[in-house]
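Data block below; observations after.
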Amino acid sequence: MTARVFWFLPTAGDGRSIVGASHASSHRVEPAGFRPPTLRYLTEVAQAADRLDYREC
């Protein structure tokens, strides 16, 4: 059986926590270590996925 691993571009920003920085929240609080979704960072994420040979399903 082949495992399917999905990845995404963190277009609302990224951090170690999945709570508190949601773009859907009216009380958005950026946690410690929050990374804003800059073009440079999104490019790094996409290139890392390419290097690790992730493919579209």
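The numbers here are math on the coordinates, done by the rules we state, and not lab data. Predicted model only: the values in this text are computed from it and were never measured. Positions of Cβ are generated from backbone atoms using ideal geometry, with glycine treated the same way; all protein chains shown enter the neighbour counts.
Some notes on this structure:
- Extension gain (nm, one decimal) between residue 30 and residue 53, 0.36 nm per residue minus Cα-Cα: 5.2 nm
- Highest average packing first - 1-9, 31-39, Cβ atoms within 10 Å: 31-39, 1-9
- Between residue 43 and residue 3, the distance separating the two model label sites (each 7 Å from Cα on the Cα→Cβ line) works out to 3.1 nm.
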